[in-house]
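What follows is a short report on a single structure.
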Amino acid sequence: MNTFGVVVIGRNEGLRLRQCLLSLKKEAAPVVYVDSGSTDGSVDLAGLLEIPTVELDPSIPFSAARARNEGLARLKQLHPQVEFVQFIDGDCELIPGWLETAARALSEHPDWAVVCGRLIERFPHLSIYNRLCNMEWNQPSGETEASGGIAMMRISAFREVRGFNPVLIAGEEPELCLRLRRRGWKVWRLASEMALHDAQMTRFSEWWTRSIRAGHAYAEGSWLHGSAPERYWVKESRSIWLWGLILPLVALGCAGWVHGLSLVLLLGVYGLQVYRVYRYMCGRQFKAEDSLLYALFCILGKFPQIQGQLRFHFDRLLGHRSPVIEYKASFAAAKLNAQT
């Protein structure tokens, strides 16, 4: 009898979803697919593969957090015996053997609530943005503060903290892990390979929108938990405000008085920060060219991130709920063939 099951979430993932579901069909585990309003035949594909599907009510705002919560509820309804749940996104393909490795780790460590492994970008050389994602996924193994959305979780611990916060449109995984750690649970990253990820991020505009979403997540996280002892995402938010808004405004405001010298100084300060990040990434054994790429985009990312921060706070003051920020290209125009 399986002690684990899988919840897949997706929205217009196209052929990436096909690869994801087919990789799961090879595993001896129950699977539930949750669809957030796809128009590319994703629901039909899941049906042909005989995978139970939850179609989210479009009258309620979509979010990955909500999709995962509802997927787990259906999984437990169909398979009440499962103790662990593997969450995976429709743009990922599971590595064979990962489910058994993760379930064994949770079984052997009763104080672990979450385990994740090595997420690998499928086409890291397709674009510089995919390369950046591949570096982002490359995190050291061991106890960690948070996992990504691709992880196996102990269902009893998940329910103890009432699952993901369905209102969050981004950053829902580290926020969940924060609440778990407050209850004494541990989050662990294994050295094992877990899944292939297919970002298919080829345009600067997609990277920019993804960075806006990150800024929004930092703002909302610090607003919810910043006053707690962890000072959750306060440092990150302050960094965004400093580099993305305050320093440029000060330099521009002083430019007329000092004949533009403040702008030259600003460029120097940014250059120094790029160098600091570059040295840090080199220290983590990344190649020099990759470290420089990461450092440049780390600093450049402060500008779309401040947009995300401002968007969150404006919506909060106006009493509006922020809509999901989608950055990936939609595959809705090319309907899935739905052949297996």
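Within region 5-42, restricting attention to residues that are among the aliphatic types (A, V, I, L, M) and over 22 Å from Arg104 (Cα atoms), which residue is nearest to the chain's Cα centre (by Cα)? Walk me through how you get there before you give the answer.
The initial filter retains those residues of region 5-42 that are among the aliphatic types (A, V, I, L, M), namely 6-9, 15, 17, 21-22, 24, 28-29, 31-32, 34.
Narrowing further to those that are over 22 Å from Arg104 (Cα atoms): 9, 15, 17, 21-22, 34.
Working: Ile9: 13, Leu15: 20, Leu17: 17, Leu21: 20, Leu22: 22, Val34: 17 Å.
Among those residues, the one meeting the criterion is Ile9.
Taking Phe84, is it at pLDDT 95 or above and under 23 Å from Glu172 (Cβ atoms)?
Working: at pLDDT 95 or above: yes; under 23 Å from Glu172 (Cβ atoms): yes.
Criteria met by Phe84.
Tell me the residue from Phe312, Phe331 that is surrounded by 18 or more Cβ atoms within 10 Å (Cβ to Cβ), at pLDDT below 95 and of a type in the set (Phe, Trp, Tyr), please.
When all the criteria are applied, what remains is Phe331.
The values are calculated or read from the model by the stated rules, or taken from the named source; none is laboratory data. Since the structure is predicted, the reported quantities are computational estimates derived from the model, not experimental observations. With ideal geometry, Cβ positions are generated from the backbone for all residues, glycine too; neighbour counts draw on all protein chains shown.
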